[in-house]
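*Asks:* Here's a structure for you.
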Amino acid sequence: MSTNDPRLASMAPEELRSHMRALGYRTQNDLANAIGVSRSAVSLWLEGKVGVPRPVAMLLRMLVAAQRRSF
């Protein structure tokens, strides 16, 4: 992956919220449990106080992209 790969870009709180909805995670706790982080970490990301870690942003983007593909 190149450094210009859009999957490695930082993720804004709005994008995180959108991806949570797209993947069916209705609460911060749902997402936190699914990806193995604390609910407070998810809360900080959604408030924009802490950036979403790149591996998490990449994982969520890949899951959403896979879900949108028709089989």
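The values are calculated or read from the model by the stated rules, or taken from the named source; none is laboratory data. Quick caveat: nothing in here was measured; it's all calculated off a predicted structure. Methodologically, a virtual Cβ is constructed for each residue, glycine included, from the backbone with ideal geometry; neighbour enumeration extends over all protein chains shown. For accessibility, only protein heavy atoms count, side chains too; no ligands or nucleic acids. Shrake-Rupley method; radii C 1.70, N 1.55, O 1.52, S 1.80 Å.
*Asks:* Give the calculated FRET efficiency between residue 49 and residue 69 to the nearest 0.05, with a Förster radius of 30 Å applied to their Cβ-Cβ distance.
*Replies:* Between residue 49 and residue 69 the formula returns 0.35.
*Asks:* As a test of reading the structure, rank 23, 44, 31 by solvent-accessible area (1.4 Å probe, protein chains only), most first.
*Replies:* 44, 23, 31
*Asks:* Taking 2.2 N^0.38 Å as the expected size of a compact globular protein, what ratio does the Cα radius of gyration of the chain give against it, to two decimals?
*Replies:* 1.07
*Asks:* Add -39500 (n - 2.57) for each DSSP H run of 4 or more in the chain, then divide by its residues: what number comes out at 222 nm, to the nearest 500 deg cm²/dmol?
*Replies:* -17500 deg cm²/dmol
*Asks:* When only DSSP loop residues count, what trypsin sites (Lys or Arg not before Pro) in segment 20-71 have their Cβ near at most 11 other Cβ atoms within 10 Å?
*Replies:* 26, 49, 69
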